[in-house]
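Beneath this line is the structure, given in structure tokens, with notes to follow.
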Amino acid sequence: MGAAILDENEPDKVKYRTKSYLLGPAKDYEMVGDVPNVIFPCAALHDIKEDKLAIYYGAEDTVVAMAFGKLSEVVQYTKDNSL
């Protein structure tokens, strides 16, 4: 899974897009299934005041998982590691 930051006024324009992945399969339950070594991002929730990010993702067609991070760090990483 990667990340992108779009222009606020023209959301069809991509300002930043990560070169490398933010999240990829690493655990057994993410690497064994109908399609091996794949995760499926589904949704993200954020709390700007608390600087929190929660990402829901499917893992190998059998489970739904969550990853947590700081929104500010994901934004900075996306800007610093953009194509």
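Every number in this text was worked out from the coordinates using simple rules, so none of it is lab data. If you're wondering where the values come from, they're calculated on a predicted model, not measured in any experiment. Neighbour counts are summed over all protein chains in view; Cβ atoms, including those assigned to glycine, are modelled from backbone coordinates with ideal geometry.
List of remarks:
- Hits in segment 43-65 - residues which are touching a Phe, Trp or Tyr at 6+ places or on another chain (Cβ under 8 Å), of a type outside the set (V, I, T) and surrounded by 12 or more Cβ atoms within 10 Å (Cβ to Cβ): A44, K52, L53, A54, Y57, G58, A59, E60, A65
- The numbered conditions (1) out of contact with any Leu (no Cβ under 8 Å at 6 or more places or on another chain); (2) surrounded by 12 or more Cβ atoms within 10 Å (Cβ to Cβ); (3) not small (G, A, S) are all true for K70 except (1).
- Across segment 1-53, the number of residues qualifying as touching a strand residue (DSSP E or B) at 6+ places or on another chain (Cβ under 9 Å) and among the polar types (S, T, N, Q) comes to 1.
- Among the conditions (1) over 13 Å from G2 (Cα atoms); (2) in contact with a Ser or Thr (Cβ under 9 Å, 6 or more places away or on another chain), K49 misses just one, which is (2).
- Restricting segment 16-42 to residues that are touching a residue at least 40 places away in the same chain (Cβ under 8 Å) and in a strand (DSSP E or B), the residue that is surrounded by the most Cβ atoms within 10 Å (Cβ to Cβ): T18
- Members of segment 49-61 that are in contact with a helix residue (DSSP H, G or I) (Cβ under 7 Å, 6 or more places away or on another chain) and not in a strand (DSSP E or B): D51, E60
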